[in-house]
Amino acid sequence: MKIKNICCIGAGYVGGPTMAVIAQKCPEINVTVVDINEERIKAWNDEDVENIPIYEPGLSNVVKEARDRNLFFSTDVDAAIDKADMIFISVNTPTKTYGIGKGMAADLKYIELCARQIARVSKTDKIVVEKSTLPVRTAEALKNILDNTGNGVNYQILSNPEFLAEGTAVDDLMNPDRVLIGGDIDTTEGKKAVDALVDVYAHWVPREKLLTTNVWSSELSKLTANAFLAQRVSSINAMSELCEKTGADVNEVSKAVGMDSRIGSKFLKSSVGFGGSCFQKDILNLVYISKSFGLHEVADYWEQVILMNDHQKRRFAAKIVQTLFNTVSGKKIALLGWAFKKDTNDTRESAAIYVADYLLNEQAEIVVYDPKVKTEQIYADLDYLNTRSSEENKAKVKVVNTAYESAKGAHAIAVLTEWDEFKDLDWEKIYKEMLKPAFLFDGRRLLERSTKEKIGFEFYAIGS
Ligand SMILES: NC(=O)c1ccc[n+]([C@@H]2O[C@H](COP(=O)([O-])OP(=O)(O)OC[C@H]3O[C@@H](n4cnc5c(N)ncnc54)[C@H](O)[C@@H]3O)[C@@H](O)[C@H]2O)c1
């Protein structure tokens, strides 16, 4: 079975880049990415390809090549579903903010709405691909909705979780470690559907990296992968606190530990805490699923990864207060970086939001500079916490266009995102702009201590 038309529901951080790469690599397949967010679709179609809504290195070039050739962005969801042989569901699956499972379970309302829409519109057989990260056994619910509310057409449900990392999405999509495809491999129809998706990826991914499993293993593998990655960050962050008490240096510990081939060096960098839309929500989801099966020890084990991360963010902010003579009231603190990591404009669950919130509670004045995040987003992130009124956030937080501007009259600077440009700033100039003593807090282990201390900074770095 050859796929000719793909529809992807959800033009976000996953749907956009993933489909752009599929379209670039499979010129004979028409790929239509749809979204209910009109503004987002308008931005994907912006004449100037640099204005697409998601910043990822290399993405604008891929979009430029494929857009209007075989890659289309549209708000006409029904039309794209109707035409497609294969439909990817790539909508958001945030943590529930209400009702049963509030603050833990994944909110699957967007997924269900997609399933109902597919069932309503479809007149021909479809392969439905779960691209969103979903709780294990969601495919069962999807199948149920599709079969019971549809027009009698046949559906095959595949799980194809996405492992890309923001900031390196295009590279990850072009050269994935593996592509995971879960399907009903024990039936002929299920096998056919899996093969059809394998053929799409085989345009550029070596066959040995295309891993096929049953649906439940595929769904659970994605949650497991994110839990393991986040666990490594929390593990090294736990050690960072111990390093600070003992005179060990977390970077040295991390290097020594990571050179053990059984452990490996990736994801052992200590920081102010992990952020991003996925780690926290997926672990909470895993905790919730475990609890719902009565596996309380399993749930508690994974929950600790989140508790450690919350502690790390709080501890960093508290260190700033404590170092600034136990008060930051009325003091100006510059935050360098707002995105949850470098090379992305995504700020979801960014540590910066929580550090800022903590410092604002201590009555600090905050100035933020980030090379890619828009001012409105920074205020929206703070408002979302509901800690204080929108007006208060606007009054207490200023967003500026350069790091130098942020340093003017500041008591302290905190580096919260590891943007490369922060390494190359003229730190002498920054020092001159600041009040003295000039405090510099490195939440990412990005800066060299000796040169900063030589300039005159009072320097604190996580884990040393
Ligand atoms: N961001 C990542 O790095 C990443 C990596 C791997 C997996 N994931 C998973 O992928 C999924 C999507 O994540 P994302 O970061 O792209 O989210 P996102 O919020 O950036 O994008 C989701 C999009 O879906 C749209 N949408 C929601 N309901 C819709 C509907 N009924 N019809 C049409 N459009 C609809 C929203 O308007 C939004 O633009 C999540 O399940 C996430 O866990 C994300």
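On the stretch given as the stretch 145-172, residues that are away from the ligand (no atom under 11 Å from the Cβ) and either more than 17 Å from Glu189 (Cα to Cα) or surrounded by 19 or more Cβ atoms within 10 Å (Cβ to Cβ) (or both) total 13. Within the stretch 297-313, does at least one residue satisfy the condition of being over 25 Å from Tyr354 (Cβ atoms) and modelled with pLDDT of 95 or more? Within the stretch 297-313, one or more residues are over 25 Å from Tyr354 (Cβ atoms) and modelled with pLDDT of 95 or more. When the stretch 25-38 is limited to residues that are part of a loop (DSSP other than H, G, I, E, B) and near the ligand (Cβ under 10 Å from one of its atoms), the one that is farthest from the chain's Cα centre (by Cα) turns out to be Ile36. For the stretch 95-125, a tally of residues being loosely packed, with under 14 Cβ neighbours inside 10 Å, in a loop (DSSP other than H, G, I, E, B) and in contact (Cβ under 8 Å) with a residue 24 or more places away in the chain returns 4. Restrict the check to the stretch 63-83 and report whether at least one residue is in a loop (DSSP other than H, G, I, E, B) and either assigned by TED's automatic domain parsing to the domain that holds Trp419 or closer than 30 Å to Lys342 by Cβ (or both). Taking every residue of the stretch 63-83 in turn, none turns out to be in a loop (DSSP other than H, G, I, E, B) and either assigned by TED's automatic domain parsing to the domain that holds Trp419 or closer than 30 Å to Lys342 by Cβ (or both). Of all residues in the stretch 185-199, those that are assigned by TED's automatic domain parsing to the domain that holds Ile29 and in a loop (DSSP other than H, G, I, E, B) have Cβ atoms under 9 Å from Cβ atoms of residues that are surrounded by fewer than 19 Cβ atoms within 10 Å (Cβ to Cβ) and charged (D, E, K, R), 6 or more apart or on another chain, in Ile185/Lys191.
What do you reckon, is Ile185 over 27 Å from Tyr288 (Cβ atoms), in contact with a helix residue (DSSP H, G or I) (Cβ under 8 Å, 6 or more places away or on another chain), modelled with pLDDT under 95 and surrounded by 14 or more Cβ atoms within 10 Å (Cβ to Cβ)? Judged against the criteria, Ile185 is a match. Residues considered: Thr246, Thr224. Of these, the only one that is surrounded by fewer than 17 Cβ atoms within 10 Å (Cβ to Cβ), within 30 Å of Asp186 (Cβ to Cβ), out of contact with any Phe, Trp or Tyr (no Cβ under 6 Å at 6 or more places or on another chain) and at pLDDT 95 or above is Thr224. Looking across Lys42, Lys83, Lys4, Lys64, one residue alone is within 23 Å of Gln117 (Cβ to Cβ), free of Cβ contacts under 8 Å to residues at least 24 places away in the same chain and of a type in the set (Lys, Arg). It is Lys42.
Would you check if there is a residue in the stretch 146-158 being of a type in the set (Val, Ile, Thr), more than 30 Å from Ser60 (Cβ to Cβ), touching a Lys or Arg at 6+ places or on another chain (Cβ under 9 Å) and assigned to a strand (DSSP E or B)?
Looking through the stretch 146-158, at least one residue is of a type in the set (Val, Ile, Thr), more than 30 Å from Ser60 (Cβ to Cβ), touching a Lys or Arg at 6+ places or on another chain (Cβ under 9 Å) and assigned to a strand (DSSP E or B).
Of the residues examined, Ile22 is not one that is touching a residue at least 40 places away in the same chain (Cβ under 8 Å), in a strand (DSSP E or B) and in contact with a strand residue (DSSP E or B) (Cβ under 9 Å, 6 or more places away or on another chain).
If you check Glu140, Glu130 for being within 15 Å of Leu220 (Cβ to Cβ), away from the ligand (no atom under 16 Å from the Cβ) and in the same structural domain as Asn92 (by TED's automatic domain parsing), only one passes: Glu140.
Yes or no: Lys331 at pLDDT 95 or above and in contact with an Asp or Glu (Cβ under 8 Å, 6 or more places away or on another chain)? Criteria met by Lys331.
For the stretch 89-107, taking the residues that are near the ligand (Cβ under 10 Å from one of its atoms) and among the hydrophobic types (A, V, I, L, M, F, W, C), the one that is nearest to the chain's Cα centre (by Cα) is identified as Val91.
Is it true that Val136 is modelled with pLDDT of 95 or more and of a type in the set (A, V, I, L, M, F, W, C)? Against the criterion (modelled with pLDDT of 95 or more and of a type in the set (A, V, I, L, M, F, W, C)), Val136 does not qualify.
Taking the stretch 371-384 only, how many residues are under 16 Å from the mean Cα position of the chain (by Cα) and in a loop (DSSP other than H, G, I, E, B)? Here the count works out to 2. For the stretch 254-370, no helices (runs of 4 or more DSSP H) sit wholly inside it while including 3 or more residues that are within 16 Å of the ligand (Cβ to nearest atom), of a type in the set (Gly, Ala, Ser) and outside the structural domain of Asn393 (by TED's automatic domain parsing). Residues that are crowded, with 20+ Cβ neighbours inside 10 Å and closer than 30 Å to Ala414 by Cα are absent from the stretch 286-301 altogether. If we keep just the residues of the stretch 39-55 that are part of a helix (DSSP H, G or I) and within 11 Å of the ligand (Cβ to nearest atom), which is farthest from Phe73 (Cα to Cα)? So the residue we want is Glu39. Just to be sure, is Val400 out of contact with any Pro (no Cβ under 9 Å at 6 or more places or on another chain), among the hydrophobic types (A, V, I, L, M, F, W, C) and surrounded by fewer than 19 Cβ atoms within 10 Å (Cβ to Cβ)? Against the criterion (out of contact with any Pro (no Cβ under 9 Å at 6 or more places or on another chain), among the hydrophobic types (A, V, I, L, M, F, W, C) and surrounded by fewer than 19 Cβ atoms within 10 Å (Cβ to Cβ)), Val400 qualifies.
The values are calculated or read from the model by the stated rules, or taken from the named source; none is laboratory data. All figures in this text were calculated on a predicted structure; none of them were measured in a lab. Virtual Cβ from ideal backbone geometry, glycine too; neighbours counted across all protein chains shown.
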